[in-house]
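To keep things clear, I will list the structure first and then write my remarks on it.
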Amino acid sequence: MKQQLEEQGYLILDGVLSPLERKAVADVIEVSIDVPGTAFRRQGDLFAIRRVLAVLPQLSALLFTPGMMKAIAPYMDKGCFISKSIYFDKPVASNWFVPYHQDLTISVDNKTEVLGFGPWSRKDGYFAVQPPVSLLEQQLTLRIHLDDTDESNGALNVIPGSHRKGIYRPETIDWSIEKEKVCKVPAGGLMLMRPLLLHASSRSKEGKRRRVLHIELNHAVLPAGMAWAEKQSLP
């Protein structure tokens, strides 16, 4: 399965969190919905939490159970740590579409002009910057699903193998060559993904929720004068 992750850019593992473990995670998040703060994004009934593991530190132990650690251990490089965490809730009444893109930025604590890093932007008290491709290639994204997710409620569509082509602009996709894959993930399942994998999210068709925790792992050392804004050790 490790070969699939490296060749295709993604891998789906079922049953990583039990129903009781999922409920414990969901309960912590639901209680936080009315908490004020810039990390919480609300737009209609859309709800997201940036820096979710920093804002809700009790989630770490609930997510990184012995079962979770056993599931991800074969795919992590030595010295991995959490470098970014976001919670997304695509609720019943929200129906947005996310076009094809790569995840090209990391979160750092300050702006330091270093060759190969840029462009820069300011986000919620930290800086987002596009690092060299070599750094992004060291990154592993975990998408932990609290709900059954398929083509009816915004499952990711991906282009297998696109992570091996460096910066791949969506407008240059050659659909006579590339093939699209819908990534169905059951509740409690885990999708591992390389950030350079081209991915998109379709609109919901049946009004089902899609709650996902997006957690990025890395082991790279940043240049002097720059530090990871969300760095946390794995439990």
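Residues of the chain were split at every exposed loop site, defined as trypsin sites (Lys or Arg not before Pro) in a DSSP loop with at most 11 other C-beta atoms within 10 angstrom, and the longest piece left, sites excluded, is 79-178. Taking Leu146, Leu56, Leu217 in turn, the Gaussian network model of the chain (Cα-Cα springs below 10 Å) assigns the largest fluctuation to Leu56.
When Thr172, Thr141, Thr65 are ordered from fewest to most other Cβ atoms inside 10 Å of their Cβ, what list results?
Details: Thr172 7, Thr141 20, Thr65 17.
So the residues, fewest neighbours to most, are Thr172, Thr65, Thr141.
Ranked by how many other Cβ atoms sit within 10 Å of their own Cβ, fewest first, the residues Asp89, Asp174, Asp150 fall in the order Asp174, Asp150, Asp89. For the stretch 158-235, applying the loop criterion from DSSP together with a ceiling of 12 other beta carbons within 10 Å to the GluC sites (Glu not before Pro) yields Glu206. Estimated purely from DSSP H runs of n ≥ 4, each contributing -39500 (n - 2.57), the mean residue ellipticity at 222 nm for the chain is -4500 deg cm²/dmol once divided by its residues.
Sort out the exposed loop chymotrypsin sites (Phe, Trp or Tyr not before Pro) in the chain (DSSP loop, at most 14 other Cβ within 10 Å) and tell me the longest stretch that has none.
Working: sites that count: Trp96, Phe97, Trp175.
Between the exposed loop sites, the longest stretch runs 1-95.
The calculated FRET efficiency for the pair Val114 and Gln58, based on their C-beta separation and a Förster distance of 35 Å, comes to about 0.50.
Let me make sure I get this right: for the stretch 162-235, a, b and c are the square roots of the gyration tensor eigenvalues over alpha carbons, sorted descending. Under 1.5 in a/c it's rounded, otherwise prolate if a/b > b/c, else oblate. Which is it?
Oblate, since a/c reaches 1.5 and b/c is not below a/b.
Distant-in-sequence amide contacts of Lys123, defined by a placed amide H-H separation under 5 Å and a gap of 5 or more residues or a different chain, comprise Ala128.
Every number in this text was worked out from the coordinates using simple rules, so none of it is lab data. Quick caveat: nothing in here was measured; it's all calculated off a predicted structure. Neighbour counts run over all protein chains shown; Cβ positions are idealised from the backbone, glycine included.
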